[in-house]
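Below: the structure, in structure tokens.
Bear in mind that the values in this text are calculations on the coordinates, not laboratory data. In this text the structure is predicted, and so the values were computed from the model without any measurement. Counting neighbours? That spans all protein chains shown, and the Cβs are built from the backbone with ideal geometry, glycine included.
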Amino acid sequence: MQIGNFCRTRVGHSFRKKIVNDPEGTTKVVHPRNICGDGFLRFSTPPLHTTITSKRPLKNGEILLQNKGRFAAAVFNMPENECWITPASVIVLTLKTKKVLPEYIALYLNSAKGQRKLNNVKELSSIPFVTRPNLEGIDIPVPSIKKQQTLIDLNETISKYKELTKQKTKLLINIMNSELEM
């Protein structure tokens, strides 16, 4: 099923100048660098605040796709009482149906097959990008909700396993280094 059949798409906010942190601002910004290829949003530093308001702030359950350079997708899920926006280098997908889970769409777009499809429709310039019409034309297999949920759960397990393995490696390196210092 084509993405355009079950999602409305729009680009993020078009900023007129560089986004600068404004402590007085009440709107937070999700940057493309916060969108990780495992389907999650991560912030290595606190998000920037701005006084800019948008008529269309982000809503929970929307899929954010970084559409310039690398193509990574994540589901937006932040506290309901906060206002968030994203720049125009991110395409926002809003589901029109309950037959598809947003986490499944992000998972598919981040998968090897999804990345191939995105690369097949990318436009070339100094930085490759995907246009909204090209994105809307991509076909995605839509299995049952139960199978979608199983794949989402598997992806979460893989992410947790990677994180635990990374922590274990750090611990083993620390043990080895402390033994070498004796």
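Quick notes on this structure:
- Projecting the Cα atoms of Val11, Gly137, Met78 onto the charge dipole of segment 3-142 (Cβ charges, centred on the Cα centre) puts Gly137 farthest toward the positive pole.
- Multiplying the residue separation of Arg70 and Leu124 by 0.36 nm and removing their Cα-Cα distance gives an extension gain of 18.2 nm.
- If R0 equals 35 Å, the separation of the Cβ atoms of Arg33 and Leu180 corresponds to a calculated FRET efficiency of about 0.45.
- Where labels lie 7 Å past Cα in the beta-carbon direction, separation of Lys160 and Thr51 in nm: 4.5 nm
- Under the shape rule built on the C-alpha gyration tensor, where the axes satisfy a ≥ b ≥ c, segment 1-152 is prolate, since a/c reaches at least 1.5 and a/b is greater than b/c.
- Placing unit charges on the Cβ atoms of the charged side chains and taking the dipole of segment 143-182 about its Cα centre, the candidate lying farthest along the positive direction among Met182, Thr165, Thr150 is Thr150.
- Largest-first principal axis extents of the Cα set of segment 83-172 (Å): 47, 37, 33
- Using R0 = 45 Å, the C-beta based FRET efficiency linking Ile173 and Glu82 works out to 0.75.
- Inter-label distance, nm, simple model (7 Å from Cα along the C-beta direction), Ser144/Lys17: 5.7 nm
- Charge dipole of segment 143-182 (Cα centre as origin; +1 on each Lys and Arg Cβ, -1 on each Asp and Glu Cβ, all else neutral): 280 debye, rounded to the nearest 20.
- Cβ-to-Cβ counts within 10 Å put Tyr108, Tyr161 in ascending order as Tyr161, Tyr108, the fewest first.
- Rounded to the nearest 20 debye, the dipole size of the chain about its Cα centre is 640 debye, using +1 on the Cβ of Lys and Arg and -1 on the Cβ of Asp and Glu.
- The chain, relative contact order [Cα under 8 Å, separation at least 6], %: 26 percent
- Each of the peptides 95-106, 162-173, 36-47 was scored by the mean count of other Cβ atoms within 10 Å over its residues; in descending order, highest first, they stand as 95-106, 36-47, 162-173.
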